[in-house]
Amino acid sequence: MDLRYQRLYVNIDHVATVRQARRGQEPDPVAAALLCERAGADGITAHLREDRRHIQDDDIHRLMAQVTTLLNLECATTDDMLSLAETLRPAQVTLVPERREEITTEGGLDVVRHEVVLRDAIARLRAAGIRSSLFIDPEREAVDVSRRIGADAVELHTGQYAHAPRDPATLRALRDAAAHGAAIGIAVHAGHGLSVANVGPVAAIPEIEELNIGHAIVGRAIFVGLEVAVHEIRAMMDDARAADLF
Ligand SMILES: CC(=O)[C@@H](O)[C@H](O)COP(=O)(O)O
Ligand SMILES: NCC(=O)COP(=O)(O)O
């Protein structure tokens, strides 16, 4: 196994967004997840939001039963969500902030303000044998606090980079936070707003071991199909890291 291999977890939320437009059964995000796995996804990510705007509880139960790679459950740090995670025991839980009125996840967790709640949540996940990841903005202080309260990983929010990929400051923030995380011994992931057009420079950051990508893959799949859309992103990631090696 290439030690520099970078995992691709495909977020299938927005297959469910299309289904929820008619409140029906199709397209099924679980069927989409299995297709993504066959296309080479290393894992499946699903965000069970409190408002259930896309992924439903039944989707999570069926993903747990059918996914053959692993499930990364994204959820808020509420007792209900943590209890569901303790019951289902996905391989990984990524704790994310939620605001009902947000269109999409706007920022990372405020780990300084919510340190006590997050520490307790991480302890509950660890006791259940679940790997914990905190969705944070690419800031050293957030990485430090995440490490100190026992998180196994951080997922760096790439939204600001995705909105301004030509602004050197956004990529620099990701590079610095990733290098710092690796230096202090916490695993580093990244995600939000990544696509074929902008994933290369993020994939080339050597300390980032996992990318979570969804909206762009599902959108692309409308035109080329899910398997091709996954292959395209995978190829961009591999090319970026190979180029960075030499
Ligand atoms: C946490 C994250 O970046 C993704 O899960 C994102 O939230 C996708 O779901 P939404 O588009 O509903 O925000
Ligand atoms: N945590 C990021 C994620 O799961 C996917 O985000 P996006 O690619 O749908 O923006």
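The values are calculated or read from the model by the stated rules, or taken from the named source; none is laboratory data. Because the structure is a prediction, the values reported are computed rather than measured. Neighbour counts run over all protein chains shown; Cβ positions are idealised from the backbone, glycine included. The area values use the complete protein model at the heavy-atom level, side chains included, leaving out ligands, DNA and RNA. Shrake-Rupley method; radii C 1.70, N 1.55, O 1.52, S 1.80 Å.
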Criterion (outside any loop (DSSP other than H, G, I, E, B) and open to solvent by less than 20 Å² (accessible area, probe 1.4 Å)) met by exactly one of Ile222, Ile205, Ile233: Ile233
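Do we have any residue at all in region 67-76 that's among the charged types (D, E, K, R) and either open to solvent by less than 10 Å² (accessible area, probe 1.4 Å) or assigned to a strand (DSSP E or B) (or both)?
yes
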Given (1) hydrophobic (A, V, I, L, M, F, W, C); (2) within 22 Å of Arg131 (Cα to Cα); (3) within 16 Å of ligand 2 (Cβ to nearest atom), index of the condition Ala229 fails: (2)
Is there any pair linking a residue in region 168-192 that is under 19 Å from Asn212 (Cα atoms) and small (Gly, Ala, Ser) to one that is open to solvent by 30 Å² or more (accessible area, probe 1.4 Å) and assigned to a helix (DSSP H, G or I), with Cβ under 8 Å and at least six apart or on different chains, and which? Ala173/Gln160; Ala177/Arg140; Gly181/Arg147
So, in region 21-58, how many residues would count as being more than 21 Å from Gly225 (Cβ to Cβ), within 16 Å of ligand 1 (Cβ to nearest atom) and of a type outside the set (A, V, I, L, M)? 8
Before we move on, is Ala178 farther than 16 Å from Glu139 by Cα and of a type in the set (A, V, I, L, M, F, W, C)? no
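Only residues that are under 14 Å from the mean Cα position of the chain (by Cα) and either open to solvent by 50 Å² or more (accessible area, probe 1.4 Å) or farther than 17 Å from Ala229 by Cβ (or both): list them for region 1-20, please. Can you show your working first?
We begin by selecting, within region 1-20, every residue under 14 Å from the mean Cα position of the chain (by Cα); these are 6-14.
Scanning region 1-20 gives Gln6, Arg7, His14.
For region 174-189, indicate whether the set of residues that are more than 26 Å from Thr17 (Cα to Cα) and touching a His at 6+ places or on another chain (Cβ under 8 Å) is non-empty. Working first, answer last.
Pass one, region 174-189, residues more than 26 Å from Thr17 (Cα to Cα): 174-188.
This time we only want the ones that are touching a His at 6+ places or on another chain (Cβ under 8 Å), so: none.
No, there is no match, as no residue in region 174-189 is more than 26 Å from Thr17 (Cα to Cα) and touching a His at 6+ places or on another chain (Cβ under 8 Å).
Residue by residue, here is whether (1) away from ligand 2 (no atom under 15 Å from the Cβ); (2) open to solvent by less than 70 Å² (accessible area, probe 1.4 Å); (3) modelled with pLDDT under 95 holds:
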residue: Gly150; (1), (2), (3): yes, yes, no
residue: His157; (1), (2), (3): no, yes, no
residue: Gln160; (1), (2), (3): no, no, no
residue: Leu171; (1), (2), (3): yes, yes, no
residue: Ala183; (1), (2), (3): yes, no, no
